[in-house]
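Below: the structure, in structure tokens.
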Amino acid sequence: MYQLLRFFSRLKVFFTFLFLELIAVWLILNNNSYQQVAFLSSANAVAGNFYEVRDAFTGQFNLRNEIQQLQQENANLRENNAPLDSAAYKKDSLKSNYNYIPARVINNSVDYEDNFLTLNKGRNSGIKEGMGVIAPNGIVGRIKTVTDNYAAAYSLLHSGIRVSAQLRKSKELCTVKWNAEGTQNDYQQAELLYVPIHIDIQPGDTVETSGYNAVYPEGIDIGTVSSVEEDMSDGRKNVKIELLVNFNNIKNVYVIENYQKSEIDSLNQLVNPSTSP
């Protein structure tokens with residue numbers, strides 16, 4: 001025992017240095033979203049394993065909430081009598097254009113102007129750049145980069161993300177965008193852009209995806225209107241919405257594969273060559 005204590009005593013400087021290095025690496029990865037994505041792209045196995053170990057440790061604390069969420073999702077599927085793999089579901093010509101790949105969020109940020117998520121599935125599971133990401137109760141983001149076993153996604157809480165949307169009651173088109181400055185960095189709020197002054201929109205109205213792109217199907221919930229103000233100088237309404245997804249507690253998601261995306265993108269390129277897929 002004495003010899004063992006002497007051994008650790010001689011190497012205490014080395015162990016202290018190693019401990020501090022590990023803390024520094026953890027802080028960098030946990031608090032800098034761009035470093036997370038860069039690290040994942042260059043060393044996906046190490047980053048992915050790191051996030052999965054952390055997720056396995058912290059996941060036990062959220063187990064009860066996850067079970068309740070999955071139970072609610074199963075209840076909704078039973079109510080509609082059309083689970084994702086049922087014949088009734090596949091007969092729907094719109095929904096059958098999409099494949100839903102289940103994945104788990106193993107890293108996430110909400111504190112920055114540009115936020116990202118890391119998923120525990122990648123190219124080997126059929127995930128590709130540009131695919132949409134949704135949670136059981138709303139949209140989450142879009143895949144940015146993919147490795148064999150992991151994927152990094154732009155969160156909806158990202159300055160570069162805009163989502164084509166519509167009002168459920170009237171099908172009037174609008175655009176959803178998160179504005180960190182305009183919402184005081186509130187991860188539960190976003191803004192509606194391009195809402196004309198004459199549009200009837202009231203607090204409590206539901207906003208959903210329009211289906212006017214190849215990323216999200218029509219009718220996926222985004223949020224509910226929380227405030228409406230008229231801007232007569234601009235001829236538009238300033239609208240804020242309460243997002244339905246709690247971005248501070250996302251675990252189970254689906255990555256959406258549109259079977260016809262390549263065809264749609266090719267057609268858009270012919271009509272407007274300046275449009276990027």
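Tell me, yes or no, whether region 173-183 has at least one residue that is surrounded by 14 or more Cβ atoms within 10 Å (Cβ to Cβ), charged (D, E, K, R), on the phi < 0 side of the Ramachandran plot and in contact with an Asp or Glu (Cβ under 6 Å, 6 or more places away or on another chain). Checked against the condition, which is being surrounded by 14 or more Cβ atoms within 10 Å (Cβ to Cβ), charged (D, E, K, R), on the phi < 0 side of the Ramachandran plot and in contact with an Asp or Glu (Cβ under 6 Å, 6 or more places away or on another chain), region 173-183 yields at least one hit. On the given criteria, is Tyr187 surrounded by 22 or more Cβ atoms within 10 Å (Cβ to Cβ), assigned by TED's automatic domain parsing to the domain that holds Ile101 and not aliphatic (A, V, I, L, M)? Answer is no for this residue.
Number of residues in region 109-122 that are among the polar types (S, T, N, Q) and either surrounded by fewer than 23 Cβ atoms within 10 Å (Cβ to Cβ) or outside the structural domain of Val146 (by TED's automatic domain parsing) (or both) equals 2.
Among the residues of region 202-220, not one is within 17 Å of Lys177 (Cβ to Cβ), surrounded by fewer than 20 Cβ atoms within 10 Å (Cβ to Cβ) and at pLDDT 95 or above. Among the residues of region 196-210, those identified as out of contact with any Ser or Thr (no Cβ under 9 Å at 6 or more places or on another chain) and in contact (Cβ under 8 Å) with a residue 12 or more places away in the chain are Pro196, Ile197, Gln202, Glu208. Residues that are without any contact (Cβ under 8 Å) to a residue 60 or more places away in the chain and among the β-branched types (Val, Ile, Thr) do occur in region 164-177, at least one of them. Looking at the structure I just gave you, is Ala103 aliphatic (A, V, I, L, M), farther than 16 Å from Asn246 by Cα and either in contact with a Phe, Trp or Tyr (Cβ under 8 Å, 6 or more places away or on another chain) or outside the structural domain of Phe247 (by TED's automatic domain parsing) (or both)? Spelling it out, Ala103 is indeed aliphatic (A, V, I, L, M), farther than 16 Å from Asn246 by Cα and either in contact with a Phe, Trp or Tyr (Cβ under 8 Å, 6 or more places away or on another chain) or outside the structural domain of Phe247 (by TED's automatic domain parsing) (or both).
The values are calculated or read from the model by the stated rules, or taken from the named source; none is laboratory data. Nothing here was measured: the structure is a model prediction, and the numbers come from that model. Don't worry about glycine lacking a Cβ; one is built from the backbone with ideal geometry, like all the others, and counts go over all protein chains shown.
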